[in-house]
Amino acid sequence: MKILVTGGAGFIGSNFLNLFVPKYPHCIFINFDKLTYAANLLNLRAIENLPNYKFEQGDIADFNQVEEIFKKYEPDIVVHFAAESHVDRSIVGPAEFIQTNIVGTFNLLEACRKYWKSYDGKLFHHVSTDEVYGSLGKTGYFTEDSRYDPSSPYSASKASSDHLVRAYFRTYGLPVKITNCSNNYGPYQFPEKLIPLMILNALEGKPLPVYGTGENVRDWLYVEDHCEAIWIVIQKGKIGETYNIGSNNERRNIDVVNKICELLAEELDKDPMDFKKLITFVKDRPGHDLRYAIDSTKIKKELGWQPKETFESGLRKTVRWYLNNKEWVESVKTGEYRKWMEENYGNRAAG
Ligand code: NAD
Ligand code: DAU
């Protein structure tokens with residue numbers, strides 16, 4: 001079995017590979033990644049020399065490169081993580097999001113259609129997000145039947161890619177599955193996202209920039225629980241179906257930031273106020289979705305998936321990981337990271 005993993009050097013893709021490459025030595029995993037700012041080959045150190053792991057640098061938005069990979073490896077399964085993933089960057093510069101998330105997904109689907117002579121034993125697994133459903137009010141949950149209503153260029157590009165994947169199933173019978181997941185957190189997450197950004201800024205005594213009033217709610221899932229869910233859907237999910245993934249960990253952003261301050265204080269034997277005093281309310285994100293919350297009854301009932309981490313256990317693990325992995329942290333604080341920090345936060349008005 002040959003599994004082509006796109007975007008396997010990013011946050012979720014590298015957690016996926018670290019979990020499953022050693023566990024399934026009879027499967028060949030090919031990691032196809034452009035190595036954008038969000039990628040880091042250090043994430044894959046533990047598996048880089050395993051015989052069932054291959055790395056190929058390349059761009060899914062370039063059909064010729066995608067074709068070369070299909071010709072060289074003849075994959076049976078595609079697990080498609082590769083994307084531009086950060087909402088704030090999509091607001092500043094949407095073009096890359098259209099190229100990678102829409103054109104890139106289209107190219108992969110076309111390659112499957114062209115190179116899979118029979119669809120027997122083949123699968124295109126599309127990794128997507130709950131942001132395609134837009135924003136919830138104070139109550140309610142996203143189900144697999146919720147209406148698509150994306151707010152940002154990022155979520156609109158992911159919604160477009162979901163539609164293409166579904167269209168290839170309906171039109172060509174391509175064997176596809178889609179998972180739509182809530183906010184992930186855990187090791188190897190690039191510190192532009194809320195949780196690692198707050199941990200690293202707090203450690204450096206920098207402001208902790210909370211958008212708007214901090215009342216927005218996200219539904220947090222530990223990244224390994226997401227990866228296990230994807231694996232179960234690949235194994236047992238029905239072709240053509242969508243599965244929502246989340247673990248009922250709704251938290252207001254301000255509560256998440258306060259909790260991070262408390263955990264850091266515990267781990268470093270400090271006063272939580274040393275960190276909490278850094279909290280700064282800043283100008284809100286345009287089109288900021290108020291609340292996400294996932295109903296994952298379907299994957300739990302039909303496929304038996306259960307998350308292992310609570311938000312408390314997962315967040316503690318995450319804080320410890322960032323404290324204990326200084327080499328990784330230094331490696332991501334490159335020019336690109338500093339450029340983004342200046343661009344998004346440098347002149348941001350107060351909230
Ligand atoms: P990430 O930004 O950390 O990593 C993305 C990876 O894709 C990087 O390694 C990057 O180099 C690669 N990539 C980008 N453009 C590429 C291209 N044109 N060709 C090949 N590789 C390319 O993203 P992530 O947080 O790991 O998210 C992975 C997937 O999961 C995305 O599709 C995202 O939409 C989805 N998702 C993320 C979350 C979350 O909370 N992070 C939640 C739900 C769904
Ligand atoms: O819901 C799944 C999505 O979760 C994924 O599809 C995206 O790829 C992923 O980036 C994430 O999107 P969010 O926009 O929810 O994540 P982010 O970490 O950027 O922000 C989480 C919340 O925290 C959001 O309400 C905005 C807020 N925030 C974020 C940053 C970076 C702040 O208040 N301050 C910040 O500096």
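The values are calculated or read from the model by the stated rules, or taken from the named source; none is laboratory data. Not measured: the values here are computed from a predicted model. For neighbour counting, all protein chains shown are included, and Cβ atoms are generated from backbone atoms with ideal geometry for every residue, glycine included. These accessible areas exclude ligands, DNA and RNA; they are computed on the full protein's heavy atoms, side chains included. Shrake-Rupley method; radii C 1.70, N 1.55, O 1.52, S 1.80 Å.
A few notes on this one:
- Whichever residue in region 110-156 is open to solvent by 60 Å² or more (accessible area, probe 1.4 Å) and of a type in the set (Asp, Glu) and, among such residues, is nearest to ligand 2 (Cβ to nearest atom): Asp149
- Selection from region 299-351 of residues that are modelled with pLDDT of 95 or more and outside any helix (DSSP H, G or I): Gly304, Trp305, Gln306, Pro307, Lys308, Glu309, Thr310, Asn325
- Any hit, region 19-27, residues being aromatic (Phe, Trp, Tyr), more than 16 Å from ligand 2 (Cβ to nearest atom), within 21 Å of Trp116 (Cα to Cα) and surrounded by fewer than 18 Cβ atoms within 10 Å (Cβ to Cβ): no
- In region 49-69, the residues that are assigned to a loop (DSSP other than H, G, I, E, B) and surrounded by 15 or more Cβ atoms within 10 Å (Cβ to Cβ): Asn52, Gly58, Asp59, Ile60, Ala61, Asp62
- Selection from region 228-249 of residues that are under 16 Å from the mean Cα position of the chain (by Cα) and either of a type in the set (Gly, Ala, Ser) or buried (at least 23 other Cβ atoms within 10 Å of the Cβ) (or both): Ala229, Ile230, Tyr243, Asn244, Ile245, Gly246, Ser247
- Residues satisfying the stated conditions in region 131-187, i.e. of a type in the set (Asp, Glu) and under 21 Å from Thr297 (Cα atoms): Glu131, Glu144, Asp145, Asp162
- Meets criteria (open to solvent by less than 40 Å² (accessible area, probe 1.4 Å), part of a helix (DSSP H, G or I) and among the basic types (Lys, Arg)) for Arg89: yes
- Residue pairs whose Cβ atoms lie under 8 Å apart, sitting 6 or more positions apart in sequence or on different chains, and linking a residue in region 28-48 that is of a type in the set (Asp, Glu) to a partner that is surrounded by 20 or more Cβ atoms within 10 Å (Cβ to Cβ), are Asp33/Thr6; Asp33/Gly7; Asp33/Gly8; Asp33/Ala9; Asp33/Gly10; Asp33/Gly13; Asp33/Ala39; Asp33/Ala82.
- Among residues of region 148-170 that are within 21 Å of Leu290 (Cβ to Cβ) and at pLDDT 95 or above, those with a beta-carbon under 6 Å from a residue that is of a type in the set (Phe, Trp, Tyr) and open to solvent by 40 Å² or more (accessible area, probe 1.4 Å) at least six positions away or on a different chain give the pairs Ala159/Tyr148.
- The residues listed here are Ile102, Ile77; of these, the one that is within 16 Å of ligand 2 (Cβ to nearest atom) and more than 19 Å from Ala39 (Cβ to Cβ) is Ile102.
- Counting the residues of region 188-210 that are farther than 20 Å from Gly13 by Cα and buried (at least 19 other Cβ atoms within 10 Å of the Cβ) gives 7.
- If the condition is being in a loop (DSSP other than H, G, I, E, B) and free of Cβ contacts under 8 Å to residues at least 60 places away in the same chain, then region 1-27 contributes Ala9, Tyr24, Pro25, His26, Cys27.
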